[in-house]
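Working notes, structure below.
The values are calculated or read from the model by the stated rules, or taken from the named source; none is laboratory data. As the structure is a computational prediction, the values presented were derived from the model and not from experiment. No Cβ is skipped: glycine too gets one built from the backbone with ideal geometry, and neighbour counts run over all protein chains shown. Ligands, DNA and RNA are excluded from the accessible area calculation, which covers all protein heavy atoms including side chains. Shrake-Rupley method; radii C 1.70, N 1.55, O 1.52, S 1.80 Å.
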Amino acid sequence: MTIKLTYWSIRALGEPIRHILRYQNEDWEDNALQPTAASFREYVSMRDQEDMPFGNLPFIEDDGKKVTQSITIMRYLGRKFGLYPTGPEELVLCEVVEQEIFDLRNRLTAVCYDYYGARGPFPASEKGVFDHEFMKRTLLRRLKERIPKFEKTLTKKFLLGDRPVYVDFLLYEYLDQLRQFLPEAFTSCNNVLNYLLRFKELPNLKDWFESEEYKKGNYINAPHAEWNGID
């Protein structure tokens, strides 16, 4: 049965899932919702269905079941495709790195979206003020402290060795998003930068990264974000 991914037509939380599906080179469907009012209504109707009690985006449909939460989806696909660590020490390392990179991705989200402003029928905060440049400087300080830790960790071809595991697909995508936003945080981190290059040479993914569709670019965050990766 074809796996179907439903998510917005941006990279954000969906791209690691797309990468692992491209790498497997099996049939899958990318149900990419456009950031429109009509698509949002479609999302709400899907989110509230009884077969998805914790409905959210992204979610996948596979073999008659729906799986939500991006990290859970990555773990699910890792187990399904044999891209999951087997030893206890390897599993701990994967879980630590998984949470570390996801923490940094969440910090990027907080910098790029104004959660204090009015949203549709919801009024703006009466106290909070969104300061993108201040938060950007704060994230840069954090990255200058954390990216060198990845530099010390990524000493093999991939996280655990010669073959990627599910965490590598998260690592590549979120490190690349952070690198595009704050490239100065990656200065002299050659292990990290070479790791990103090796990932792009993986079978099946190499074709994607060389494709015209990839080269034309895509939004990392939603178009209305303070930084969306394109504008």
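Close contacts from the stretch 17-42, counting a first residue that is more than 22 Å from Gln69 (Cβ to Cβ) and touching a residue at least 24 places away in the same chain (Cβ under 8 Å) and a second that is open to solvent by 70 Å² or more (accessible area, probe 1.4 Å) and in a helix (DSSP H, G or I), with Cβ to Cβ under 8 Å and a gap of 6+ residues or different chains, come to none at all.
Residues in the stretch 95-119 that are over 21 Å from the mean Cα position of the chain (by Cα) and open to solvent by 80 Å² or more (accessible area, probe 1.4 Å) were compared, and the one that is modelled with the lowest pLDDT is Arg119. In the stretch 124-149, the residues that are under 16 Å from Ser188 (Cα atoms) and open to solvent by less than 60 Å² (accessible area, probe 1.4 Å) never reach a residue that is among the hydroxyl-bearing types (Ser, Thr, Tyr) and modelled with pLDDT of 95 or more with C-beta atoms less than 8 angstrom apart, at least six apart or across chains. Residue by residue through the stretch 25-52, note down the ones that are of a type in the set (Phe, Trp, Tyr), closer than 28 Å to Arg119 by Cα and surrounded by 15 or more Cβ atoms within 10 Å (Cβ to Cβ). Tyr43, the sole residue that qualifies. Glu212 meets all of the listed conditions (1) touching a residue at least 60 places away in the same chain (Cβ under 8 Å); (2) surrounded by fewer than 22 Cβ atoms within 10 Å (Cβ to Cβ); (3) among the charged types (D, E, K, R) but one, namely (1).
Helices (runs of 4 or more DSSP H) fully within the stretch 135-231 that include at least 2 residues being among the small types (Gly, Ala, Ser) and out of contact with any strand residue (DSSP E or B) (no Cβ under 8 Å at 6 or more places or on another chain): none found. When the stretch 53-94 is limited to residues that are surrounded by 14 or more Cβ atoms within 10 Å (Cβ to Cβ) and small (Gly, Ala, Ser), the one that is farthest from Trp227 (Cα to Cα) turns out to be Gly78.
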